[in-house]
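Heads up: the structure comes next, in structure tokens.
Read-outs: derived from the displayed coordinates by stated rules, not from any lab. All figures in this text were calculated on a predicted structure; none of them were measured in a lab. Neighbour counts run over all protein chains shown; Cβ positions are idealised from the backbone, glycine included.
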Amino acid sequence: MKPLQTSSGDPNADRRADYAEMLVASGDHAAAAELLLGGLELAPQWAMGWFRLGEMQEASGRLDLAAQAWRTALKLDPADRQGAALKLQLIGKGPVFMAPPSAFVETLFDHYAETFEDMLVGKLDYRLPEVLDAAIRKAKPGRLRLALDLGCGTGLMGEKLRPIVDRLEGFDISARMLKKARAKGIYDALTKADLQDFSYSGDKADLVTSADVLIYIGGLEGLVGTVAGLLAEGGLFVFSVESLAEGGGEFALQPSRRYAHSDGYVVRTLEANGLSVLALEPTTIRWDRREPVKGLAVVAWKAGPL
């Protein structure tokens with residue numbers, strides 16, 4: 001993930017930060033950190049600068065200094081738009097979280113909204129909507145009355161759903177992603193929502209989808225329970241997760257600051273909320289640094305007529 005391009009408000013500090021990024025590009029992370037630290041003396045309230053300093057210190061192997069920088073960033077920005085708490089967790093110098101800070105997820109996707117589809121589809125070969133669409137059509141052929149697309153983003157999943165549903169509603173934490181989705185004209189309603197405390201008071205849904213979204217939730221109990229409550233009998237919950245290596249526990253934060261989940265945890269959480277697994281298929285979610293990101297395409301069913 002590229003750093004957020006925010007200014008410190010001080011031209012001299014910004015200039016030093018720019019030079020530091022040049023040193024990062026050349027591989028000299030220690031020198032980059034020293035230069036950025038000098039810039040932060042001019043702009044000590046710059047939370048993004050302290051976060052970036054932590055990344056440079058981490059890359060140079062100085063984890064104690066990285067932790068100091070991330071704690072400073074967190075103190076300056078308690079909402080944690082940079083995700084400093086997750087970085088502290090990953091290096092073993094902070095508490096373990098069940099989910100990322102909502103402000104971090106919102107900021108991340110607001111930042112990438114303009115280039116999101118070009119990057120994800122064009123460069124990372126993201127084909128998950130096609131995979132989930134095929135799974136839906138196999139499990140429940142024909143038209144569906146109401147579908148809810150959780151974490152709809154720019155509408156890539158919605159484009160697949162539109163031909164088979166009478167009403168399609170999308171939900172996302174990022175206002176800028178919703179703006180992109182709205183421009184496509186494929187949703188009947190779009191709502192800004194945080195899936196960590198999601199609620200829905202409309203009609204019972206025949207289908208709920210969540211494509212490449214649960215990686216930003218971690219513990220799935222709350223969302224799965226909510227989805228089970230809003231599905232109609234015979235309704236489907238179709239989603240993906242990144243796969244957690246055997247022996248890694250139920251779910252775990254990855255260096256990417258995304259969560260991976262074990263097969264067993266996914267199945268147990270669904271069944272505990274009255275949902276049965278119809279399909280649990282290994283798939284490639286996307287490519288990252290020329291390596292496939294392995295995951296699962298899941299189709300779960302709420303008891304009732306299919």
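Here the Debye sum runs over all C-alpha atoms of region 8-86 as equal scatterers in vacuum, and log10 of I(q)/I(0) at q = 0.18, 0.22, 0.26 Å⁻¹ comes out as -0.63, -0.93, -1.21. For Asp64, the shell of other residues with beta-carbons less than 14 Å away shows a net charge of +3, using +1 for Lys and Arg and -1 for Asp and Glu. In region 52-122, one over the average inverse separation of all distinct C-alpha pairs is 13.0 Å, which is the Kirkwood hydrodynamic radius. Take every pair of alpha-carbon atoms less than 8 Å apart whose residues are at least six positions apart; their mean separation over the length of the chain yields a relative contact order of 12 percent. Charge dipole (Cα centre; +1 on Lys/Arg Cβ, -1 on Asp/Glu Cβ; no other charges) of region 235-306 amounts to roughly 260 debye. In terms of overall dimensions, region 159-216 has a Cα radius of gyration and Dmax of 11.5, 29 angstrom.
Rounded to the nearest 20 debye, the dipole size of the chain about its Cα centre is 460 debye, using +1 on the Cβ of Lys and Arg and -1 on the Cβ of Asp and Glu. Loop-located GluC sites (Glu not before Pro) across region 48-114 with a Cβ neighbour count of 14 or fewer within 10 Å are Glu114, with loop assigned by DSSP.
Counting only DSSP beta bridges whose two residues both lie in the chain, roughly 50 percent are antiparallel. Extending 7 Å from Cα along the Cβ direction at Val121 and again at Asp194 yields two label points whose distance is 3.0 nm. Compared with the dominant Cα axis of the chain, that is its longest principal axis, helix 47-59 is turned about 90°. Rounded to the nearest 500, the helix-only mean residue ellipticity at 222 nm of the chain stands at -12000 deg cm²/dmol, with each DSSP H run of n ≥ 4 adding -39,500 (n - 2.57). Dividing the mean sequence gap of close Cα pairs (under 8 Å, 6+ apart) by how many residues region 191-288 holds gives a relative contact order of 26 percent. With the Kirkwood sum run over all distinct C-alpha pairs, the chain has a hydrodynamic radius of 20.5 Å.
Kindly express, to the nearest 10 degrees and within the range 0 to 90, the angle between helix 263-272's C-alpha long axis and the longest C-alpha principal axis of the chain. The answer is roughly 50 degrees. Taking a straight line from the alpha carbon of Lys180, these lysines sit under 20 Å away, with near neighbours fewer than eight places off in the same chain left out: Lys123, Lys160, Lys192.
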